[in-house]
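Take a look at the structure below.
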Amino acid sequence: MARQSSRRCPGVGEAFQAAYDYPELVAVAQARKDAPADQFAAELTTFALAHEADALGIAAMDPLYVFEGYTINEPWVIVLALAHSYERLKEVPSDETSSVGVIDVADQYARGTRSSYALANWIRSQGYNANPYPGPMAGALVLIPPAIAAGLGELGKHGSLISRRFGSGVRLAGVTTDMPLIATAPERFGADEFCKSCQACTNACPPGAISEHKQMVRGVERWYVDFDKCIPYFAESASCGICIADCPWTRPDVRPKLLATMARRLGQVSTEA
Ligand code: B12
Ligand code: SF4
Ligand code: SF4
């Protein structure tokens with residue numbers, strides 16, 4: 001249904017096609033390059049940032065990041081962040097008269113596909129296994145928990161990741177690998193605290209899916225979205241996205257002020273990026 005409703009919007013079919021245009025994965029090179037983990041981490045970061053990723057984090061693989069019924073054997077997960085254009089994203093939801101917002105969603109998925117495949121192929125050329133996990137399909141890997149562990153952001157009330165650099169207007173793609181790496185550290189800049197006193201997404205969500213308060217979810221107290229309410233609206237409104245577009249952290253003019261305010265509240269020195 002979501003695909004049908006977004007395809008009503010002019011140009012969206014072609015835009016999403018680019019996200020499904022998976023390049024070939026090369027064979028893992030026979031000769032394995034030997035280098036310290038920090039050197040590999042630095043080299044792959046340089047490579048990914050030169051191949052469309054806007055930021056990157058590395059986390060040790062946790063079986064909890066893998067959907068039931070699937071197996072991932074690689075011990076590391078690299079999460080790539082692909083930033084939205086706020087000017088385009090704020091046009092969601094799209095319809096027959098305007099596709100600007102949902103095409104920005106498709107464009108970032110397409111960048112995630114190209115970037116994650118390019119990185120996986122680079123790692124394979126060094127003699128290590130690597131597999132890409134871009135959207136828009138789910139794949140075996142759940143992306144937000146490793147992204148948080150790798151320091152790309154904090155979980156927002158709207159159920160998506162809030163990044164210090166891009167706010168909620170950011171898409172994720174993963175690459176798993178057995179290349180020796182070192183994890184990047186999680187970071188707290190005040191998004192979780194800010195959500196406690198903000199209602200913007202709760203109020204903006206047309207079907208009222210975003211819970212005002214944290215709830216117990218599979219043994220962890222965290223922000224909760226009722227997807228039985230979200231999914232019907234999402235499916236009929238060209239992939240919606242109102243909650244990430246209307247989040248104040250997503251606005252480039254507001255984000256630096258929020259970072260400074262929250263750094264003061266957390267007793268940190270502001271490192272606005
Ligand atoms: C299925 C799916 C959907 C479904 C159902 C959503 C859902 N969460 O179940 C639908 C179609 C409704 C949907 C909608 C949207 N999605 Co979606 N979706 C996914 C997908 C493919 C899997 C998510 C999943 O496993 N859900 C099932 C369970 C795990 O959900 P959950 O228990 O509620 O947990 C959620 C969070 O709490 C967090 N989480 C899970 N476990 C834990 C544990 C801890 C400790 C913490 C802190 C967090 C955490 O991750 C889950 C993601 O929503 C991911 C890509 C991926 N492979 O991860 C994208 C993804 C989560 N979606 C994304 C986005 C942006 C959206 C939309 C805004 C649509 C749009 N236009 O882009 C809306 C937002 C809805 C919302 N309020 O979350 C982005 C989020 C990017 C970001 N900034 O974080 C992702 C990562 C896609 C991507 N490649 O970038 N989505
Ligand atoms: S995607 Fe739309 S319907 Fe779903 S939670 Fe976000 S605002 Fe609500
Ligand atoms: S809109 Fe407000 S409450 Fe919702 S995720 Fe963004 S900061 Fe948190």
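Points to keep in mind about this one:
- Gyration tensor (alpha-carbon) shape descriptor, the range 133-269, a/c threshold 1.5: oblate
- Folded to 0 to 90 degrees: helix 227-236 orientation relative to the chain principal axis, Cα: 90
- Residue separation of Arg264 and Gln17 scaled by 0.36 nm, minus their Cα-Cα distance, works out to 84.5 nm of gained length.
- With N counted as the residues of the chain, its alpha-carbon radius of gyration over 2.2 N^0.38 Å works out to 1.01.
- Cut-off 11 Å between beta-carbons: net charge of the residues surrounding Thr202, Lys and Arg +1, Asp and Glu -1: -1
- Whole-Hz ³J(HN,Hα) from phi, Karplus 6.51 cos²θ - 1.76 cosθ + 1.60, for the range 109-125, glycine and proline x: 4, 5, 5, x, 5, 5, 5, 5, 5, 4, 5, 4, 5, 5, 4, 4, 5
- For the range 31-85, the normalised intensity computed at q = 0.15, 0.21, 0.23, 0.29 Å⁻¹ comes to -0.58, -0.93, -1.00, -1.13 (log10 of I(q)/I(0), Debye sum over alpha carbons, equal scatterers, no solvent).
- Listed peptides 168-179, 188-199, 242-253, 137-148 by packing density, highest first (mean Cβ within 10 Å): 168-179, 242-253, 137-148, 188-199
- To the nearest ten degrees, helix 37-49 and the longest principal axis of the Cα atoms of the chain are 50 degrees apart.
- At full extension, Asp95 and Asn73 could sit 3.8 nm farther apart than now, given 0.36 nm per residue minus the alpha carbon distance.
- Rg [Å, one decimal], Dmax [Å, integer] - the range 86-187, C-alpha atoms: 15.3, 49
- Apportionment of accessible area to carbon and sulfur, the range 1-130, percent (1.4 Å): 52
- Percent carbon-and-sulfur accessible area, the range 209-273, ignoring ligands, DNA and RNA, probe 1.4 Å: 54
- Placing pseudo-labels 7 Å out from each Cα toward the beta carbon at Glu193 and Met216 gives an inter-label distance of 2.8 nm.
- Cys with no candidate disulfide partner in the chain (beta-carbon separation under 4.7 Å rule): Cys9, Cys195, Cys198, Cys205, Cys230, Cys240, Cys247
- For the range 72-78, putting each phi into the Karplus relation 6.51 cos²θ - 1.76 cosθ + 1.60 with θ = phi - 60° gives couplings of 10, 8, 6, x, 10, 10, 9 Hz, in residue order, rounded to whole numbers and with x for Gly and Pro.
- In this structure, the amide hydrogen of Ile182, modeled 1.01 Å from its nitrogen in the peptide plane, lies closer than 5 angstrom to those of Ala41, counting only residues at least 5 positions away or on a different chain.
- The range 189-195 - phi-based ³J(HN,Hα) in whole Hz, Karplus 6.51/-1.76/1.60, Gly and Pro as x: 10, x, 5, 4, 5, 4, 4
- Note on the chain: helix-only mean residue ellipticity at 222 nm, from DSSP H runs of 4+ residues weighted -39500 (n - 2.57) and normalised by residue number, equals -10500 deg cm²/dmol.
- Low-density loop positions, trypsin sites (Lys or Arg not before Pro), the range 21-118 - DSSP coil, at most 16 other Cβ in 10 Å: Arg32, Lys33
- Viscosity 0.692 mPa s, temperature 37 °C, Stokes-Einstein D of the range 18-157 from Kirkwood C-alpha radius, µm²/s: 202
- Distance from the range 44-123 to the range 156-192 (C-alpha centre basis), Å: 11
The values are calculated or read from the model by the stated rules, or taken from the named source; none is laboratory data. This is a predicted model, so every value here is computed, not measured. Every residue, glycine among them, receives a Cβ derived from its backbone with ideal geometry; neighbour counts consider all protein chains shown. The accessibility values were calculated without ligands, DNA or RNA, using every heavy atom of the protein model including side chains. Shrake-Rupley method; radii C 1.70, N 1.55, O 1.52, S 1.80 Å.
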